[in-house]
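Scroll down for the structure; my scribbles are underneath it.
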Amino acid sequence: MASLFCLGLFATVSAQKTQDQINKVYAEQYRKINEDPKLSGPEKARLKKQFALKQDHENKAYDAAYKNKYGNSKEGRKRLVDNKIDELDKRYEKEKKLIENDKVLGKNQKKANKEALKKKYESQKQLLKREKDKI
């Protein structure tokens, strides 16, 4: 937790706060600096610059924490497609084993069913790969 103290103004900024909450704290500090009649123009500018740098640092820390926790939207969408591909692979292997272990089907029928399953699987996988590439 970081604390900011300036001209009797005290603001607490926490990484737990959202960006809006962080920005509201700084907006209040900017307003107090502007309304302080004891400060000259250059002093106000210097203080605002200091607060702006600290605010930028806090916002970047929040962004890093958010991206670390949730990832950015592109990465998230790509992960979803990767998960779909993994599920498709598992389902393919499961169905392939079911065909291989089916004692009713003959050798040629098993081979034909596996080929059809493989074509279906490959086309679905290609669609998912194209979808991932578009992201």
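Before we move on, is Asp89 in contact (Cβ under 8 Å) with a residue 40 or more places away in the chain, loosely packed, with under 15 Cβ neighbours inside 10 Å and not assigned by TED's automatic domain parsing to the domain that holds Gln19? When the stated conditions are applied, Asp89 does not pass them.
Quick check, is Lys60 among the basic types (Lys, Arg) and farther than 25 Å from Gln21 by Cβ? Lay out the reasoning, then the answer.
Working: among the basic types (Lys, Arg): yes; farther than 25 Å from Gln21 by Cβ: no.
No.
The values are calculated or read from the model by the stated rules, or taken from the named source; none is laboratory data. Just so it is clear, the structure is predicted and the values come from calculations on it, not from any experiment. Cβ sites come from the backbone with ideal geometry, for glycine too, and all protein chains shown count toward neighbours.
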